[in-house]
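The values are calculated or read from the model by the stated rules, or taken from the named source; none is laboratory data. Everything numeric here is computed off the predicted structure, so don't read it as measured data. Backbone-built Cβ (ideal geometry, glycine too); neighbour counts: all protein chains shown. What goes into the accessible areas is simple: the full protein's heavy atoms, side chains included, and nothing from ligands, DNA or RNA. Shrake-Rupley method; radii C 1.70, N 1.55, O 1.52, S 1.80 Å.
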Amino acid sequence: TALLYGAMVAATDPVAVIAVFRKFRVPEQVKTIVGAESICNDGVALVLYTTALTMATGGTVNVPAAAGHGALEVAGGIAIGSAFAYAAWWLLRARAAPEYEVTMTIALAYIAYLAADHLGLSGIFACASAGVMLRALQRRNDHVMTNVDAVDHFWNATAFIANAIVFIGTGLLIDFPRITHEPALILPAIAIVFVSRAVLVTAVFRDVRSRLTAFLAGMR
């Protein structure tokens with residue numbers, strides 16, 4: 001049960017924070033780490049959640065085998081996403097129009113996720129690697145995907161809306177009587193999350209400003 005809870009709260013969700021980052025002079029290292037942490041945590045947390053759920057519901061799990069399977073899910077998802085991104089990049093050569101490029105990136109996200117998930121691999125890592133690979137290929141040849149700003153604006157807006165829906169749904173499901181009924185569980189859990197977050201950012205960043213920024217970016 002503890003592992004299941006840990007998997008559920010492991011993922012950070014800094015979509016709104018990253019949008020704010022773009023308006024200020026936030027160091028590139030901080031933006032990269034905060035964004036990459038969110039993506040990687042989502043993928044790893046989903047793999048851990050499925051394993052912990054099996055254990056919590058009375059199933060048996062071979063821990064070394066589960067760890068190996070989790071690593072395979074991540075690596076396979078990355079490979080699938082990268083392969084589909086390369087195919088999408090070639091298709092994007094056909095036409096240079098904002099609506100075409102936006103539609104192609106939407107198709108890439110869904111196809112990469114569904115293909116990886118169908119093969120028992122990580123769909124989240126497939127999506128993430130597809131985006132990273134597509135941008136890397138675009139930078140190698142800027143004559144393909146000439147409307148990058150339009151694509152970025154679309155995905156920023158989409159991510160913000162999806163993030164808002166998730167938080168609204170979470171708020172509607174919160175059971176306040178249960179929170180006040182079990183303060184001995186709730187308050188220590190919050191304190192532990194804060195402390196572990198502080199330890200993590202201290203280990204990653206050296207300057208105080210970056211530590212504070214990353215610490216707050218991971219809070220919910």
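Conditions tested, residue by residue: (1) touching a helix residue (DSSP H, G or I) at 6+ places or on another chain (Cβ under 9 Å); (2) in a loop (DSSP other than H, G, I, E, B); (3) of a type outside the set (Ser, Thr, Tyr); (4) in contact (Cβ under 8 Å) with a residue 60 or more places away in the chain.
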residue	(1), (2), (3), (4)
91	yes, no, yes, no
107	yes, no, yes, no
114	yes, no, yes, no
129	yes, no, no, no
132	yes, no, yes, no
136	yes, no, yes, no
139	no, no, yes, no
142	yes, yes, yes, no
156	yes, no, yes, yes
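Quick one: in the stretch 55-70, of everything that is open to solvent by less than 60 Å² (accessible area, probe 1.4 Å) and in a helix (DSSP H, G or I), which residue is farthest from residue 134 (Cα to Cα)?
This residue is 56.
What number of residues within the stretch 80-89 are touching a residue at least 24 places away in the same chain (Cβ under 8 Å) and either open to solvent by less than 30 Å² (accessible area, probe 1.4 Å) or not aromatic (Phe, Trp, Tyr) (or both)?
6
Tally up the residues in the stretch 25-60 that are basic (Lys, Arg) and either farther than 26 Å from residue 209 by Cβ or out of contact with any helix residue (DSSP H, G or I) (no Cβ under 8 Å at 6 or more places or on another chain) (or both), please.
Total satisfying the criteria: 1.
For the stretch 205-220, what are the residues that are of a type in the set (A, V, I, L, M, F, W, C), exposed (fewer than 14 other Cβ atoms within 10 Å of the Cβ) and either in contact with a Lys or Arg (Cβ under 6 Å, 6 or more places away or on another chain) or modelled with pLDDT of 85 or more (or both)?
The answer is 208, 212.
Any idea which residue in the stretch 23-68 is nearest to residue 8 (Cα to Cα), counting only those that are touching a residue at least 24 places away in the same chain (Cβ under 8 Å) and among the charged types (D, E, K, R)?
42
Given the residues 142, 117, which is the only one that is in contact with a Gly (Cβ under 9 Å, 6 or more places away or on another chain) and of a type outside the set (Val, Ile, Thr)?
Checking each option against the conditions leaves just 117.
From the list 79, 164, which residue is assigned to a helix (DSSP H, G or I) and over 23 Å from residue 22 (Cβ atoms)?
79
Being over 18 Å from residue 46 (Cβ atoms) and touching a residue at least 12 places away in the same chain (Cβ under 8 Å) is the filter here; which residues of the stretch 2-21 pass it?
Residues satisfying the conditions are 16, 17, 18, 19, 21.
Quick check, is residue 196 in contact with a Pro (Cβ under 8 Å, 6 or more places away or on another chain) and small (Gly, Ala, Ser)?
Judged against the criteria, residue 196 is not a match.
Every residue in the stretch 14-48 that is over 18 Å from residue 167 (Cα atoms), modelled with pLDDT under 80 and not in a helix (DSSP H, G or I), please.
Listed by number, the residues that qualify are 22, 23.
When the residues of the stretch 1-12 are narrowed to those that are of a type outside the set (Gly, Ala, Ser), surrounded by fewer than 19 Cβ atoms within 10 Å (Cβ to Cβ) and within 20 Å of residue 122 (Cβ to Cβ), which ends up modelled with the lowest pLDDT?
9
Please give the number of the condition residue 51 fails out of (1) at pLDDT 80 or above; (2) farther than 22 Å from residue 126 by Cβ.
Checking residue 51 against (1) at pLDDT 80 or above; (2) farther than 22 Å from residue 126 by Cβ, the one that fails is (2).
Collect the residues in the stretch 201-220 that are out of contact with any Gly (no Cβ under 8 Å at 6 or more places or on another chain), assigned to a helix (DSSP H, G or I) and free of Cβ contacts under 8 Å to residues at least 60 places away in the same chain, keeping them in residue-number order.
Passing the criteria: 202, 203, 208, 209, 211, 212, 215.
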